[in-house]
Amino acid sequence: MGRAVAIIGVGQTHHGRRMDVSYPDLVREAVVRVFEDTGLSPEDIDGVVSGTMPSMMEGIALTHFYFAEAMQAVGKPILKTETCGSTGVSIAHTAFYWVSSGLADIVLAVGHEKMNEGNSQATMTTVAEPFYQRYFISGAPGVFSMQSQMWTARYGISEEKIRDAAAFVSVTHHDDAFDNPYAHVKVKVSMDDVKNARVITYPIRLLDVCPNSDGACAVIFASEEAAKRIGRKAAWVKGVGYRGEEYFFGDSDKVVWESAIQAARQAYDQAGIKDPRKELDVAEVYNPFTYQEMLFYECFGFCDFGTSPDLVLKGTFTRRGELPCDPSGGVLCTNPIGATGLIRVAEAAMQVTGRAGDHQIPGAKLALAHAMGGVDQFNGIMILGSNL
């Protein structure tokens, strides 16, 4: 893996419908906070990695130049990384490799999106193959609706059980969001509220779906030498994994989902993890849809295929369960797409350094962060630990 790499600071905006600031000022808010968190200044940074979802969402190409001043990156090497929903974890991986390879000692990673000034579903529809798939894939919900139905049919999961499990996931994360000062959606919902919400794309209902959020996240990665010199409690990168598969949605198995399975295996191998459900203390799983979150539990080896709904209903993945997942409220409650995957990394880093506040998992020392993107074909993982 090259040199040891640490996360030494994070900064998030308050996410939501941020009509109070311009887009550059939203980015600046996260960057200022990460410098305040670390005590560093822009002069200490060797390079900057940034990203958003597809540029047409922003209304401007080469967004890393447009936001260079807001990221305090003028005069620094700067690179844009863009993989749609997995952009945030791709940014984190890029920053990690810059430091691990010896190219840089301290790197600023910034993800951002102002979704309420664009049309996210129209933008994501254009990501699909244009001649055949675009006509029946209606943004992200169309893709994940098909995947959800494949999964439940494959394993004979009853409609009653899957609806109960999905509702349980939604209620749990909406409750969790109240303890996260940066979360967007903070509403009290019941199981009946979720199950009776209007259908978006069957079987997915409104409260199974993440919001459109404005927000930004900034994370500083440092070499072992730099991290020890700075002297802050750090989150150490123990493993990374990233996999992609066929672009055409119908050409790969989206249930036994190899890009998710292999990305996790790569990261587990590097981190020395054999039994993730037992060894991980917390996981920030990319969960824009309740159904998909449960499928990820299976792909990541948290449980056998077809069994996650039963474990969800037993409370296995709640904050007080065997493996707490998304104690921040996750993507389901906060989703500025270009930042979303990086927020998962930031939240995992806060957990293993004991700085997650009211949603801290006591004693967390090993955490998983994950994001998914492309046309449902990219999956990226980062494992963070409290010790080198």
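Multiplying the sequence separation of Arg355 and Ser22 by 0.36 nm and subtracting their Cα-Cα distance, what value in nm do you get?
Gain in length upon complete extension: 117.0 nm.
Could you work out the local net charge near Gln262, counting Lys and Arg as +1, Asp and Glu as -1, over the other residues with Cβ closer than 11 Å to its Cβ?
Result for the neighbourhood of Gln262: -1.
For region 251-343, just say rounded, prolate or oblate: build the C-alpha gyration tensor, square-root its eigenvalues into a ≥ b ≥ c, call rounded for a/c under 1.5, and beyond that prolate if a/b exceeds b/c, oblate if not.
Here region 251-343 falls in the rounded category.
Once phi is turned into θ = phi - 60°, what whole-Hz ³J(HN,Hα) does the Karplus curve with 6.51, -1.76 and 1.60 give for every residue of region 66-75, x standing for Gly and Pro?
Once rounded to whole Hz, the list reads 4, 9, 4, 5, 5, 8, 6, 9, 4, x.
May I ask for the distance between the Cα centers of region 328-366 and region 44-94, given as a whole number of Å?
Using only Cα atoms, the two centres lie 21 Å from each other.
Given the options Gly354, Gly39, Gly47, which has the most mean-square fluctuation in a GNM of the chain, springs set between C-alpha atoms less than 10 angstrom apart?
It is Gly39.
For region 1-70, which semi-axes, largest first and in whole Å, follow from the square roots of 5 times the eigenvalues of its Cα gyration tensor?
23, 17, 12
Using θ = phi - 60° and the Karplus relation 6.51 cos²θ - 1.76 cosθ + 1.60, list the HN-Hα couplings for region 310-322 in order, rounded to whole Hz, with x at every Gly or Pro.
Result, rounded to whole Hz: 5, 5, 4, 5, 7, x, 4, 10, 7, 4, 9, x, 5.
Please sort 253-262, 26-35 by packing, taking for each peptide the average over its residues of neighbouring beta carbons within 10 angstrom, highest first.
Going by the mean number of other Cβ atoms within 10 Å, highest first, we get 26-35, 253-262.
Based on the Cα atoms of region 155-262, what semi-axes does the equivalent ellipsoid have, where each is the square root of 5 times one gyration tensor eigenvalue, given in whole Å with the largest first?
34, 24, 13
With the contact rule set at Cα under 8 Å and sequence spacing of 6 or more, what percent relative contact order holds for the chain?
26 percent
Report the local net charge at Ala369: Lys and Arg +1, Asp and Glu -1, summed over other residues whose C-beta lies under 9 Å from its C-beta.
-1
Relative contact order of region 148-265: what whole-number percent is it, with Cα pairs under 8 angstrom and at least 6 residues apart?
19 percent
Report the rotationally averaged projected area of region 24-180 based on its alpha-carbon convex hull, in square nanometres.
It is 12.8 nm².
At Glu69 and Glu246, where each label point lies 7 Å from the Cα along Cα→Cβ, what is the point-to-point distance in nanometres?
Roughly 4.8 nm, to one decimal.
Mind jotting down the distance between the C-alpha centroids of region 275-316 and region 227-260, whole Å?
Between the Cα centres of region 227-260 and region 275-316 lies a distance of 16 Å.
If R₀ is 35 angstrom, what is the calculated FRET efficiency for the pair Phe305 and Asn119, using the beta carbon separation as r and rounding to 0.05?
Plugging the Cβ-Cβ distance into 1/(1 + (r/R0)^6) gives 0.45.
At 0.36 nm per residue, minus the direct Cα-Cα distance, what do Phe178 and Lys314 gain on full extension? Give it in nm, one decimal, please. Intermediate results must be reported in sequence, preceding the final value.
Working: separation 136, 0.36 × 136 = 48.96 nm, distance 2.21 nm.
So the extension gain works out to 46.7 nm.
Given [x] 0.94; [y] 1.05; [z] 0.98 as candidate values of Rg/Rh (Cα atoms, Kirkwood Rh), which corresponds to the one derived from the coordinates?
Looking at Rg/Rh (Cα atoms, Kirkwood Rh) for this model, the match is [x].
Note down the nm distance, to one decimal, between modelled labels 7 Å out along Cα→Cβ at Ser158 and at Val189.
Reported label-point gap for Ser158 and Val189 is 2.4 nm.
Using helices alone, what [θ] at 222 nm do you get for the chain, with -39,500 (n - 2.57) per DSSP H run of 4 or more residues, divided over all residues and rounded to the nearest 500?
-10500 deg cm²/dmol
By average Cβ neighbour count within 10 Å, what is the ranking of 72-84, 315-327, 105-117 from highest down?
Going by the mean number of other Cβ atoms within 10 Å, highest first, we get 105-117, 315-327, 72-84.
Would region 83-137 count as rounded, prolate or oblate if I go by the C-alpha gyration tensor, calling it rounded below 1.5 in a/c and otherwise prolate when a/b exceeds b/c, oblate otherwise?
Judged from the Cα gyration tensor, region 83-137 comes out oblate (a/c at least 1.5, b/c at or above a/b).
Under a crude label model (7 Å from the Cα following the beta-carbon direction), how far is Thr126 from Arg3 in nanometres?
3.9 nm
Bear in mind that the values in this text are calculations on the coordinates, not laboratory data. Quick caveat, the model's predicted, so the values are computed rather than measured. All Cβ positions, even for glycine, are placed from backbone atoms using ideal geometry, and neighbour counts span all protein chains on display.
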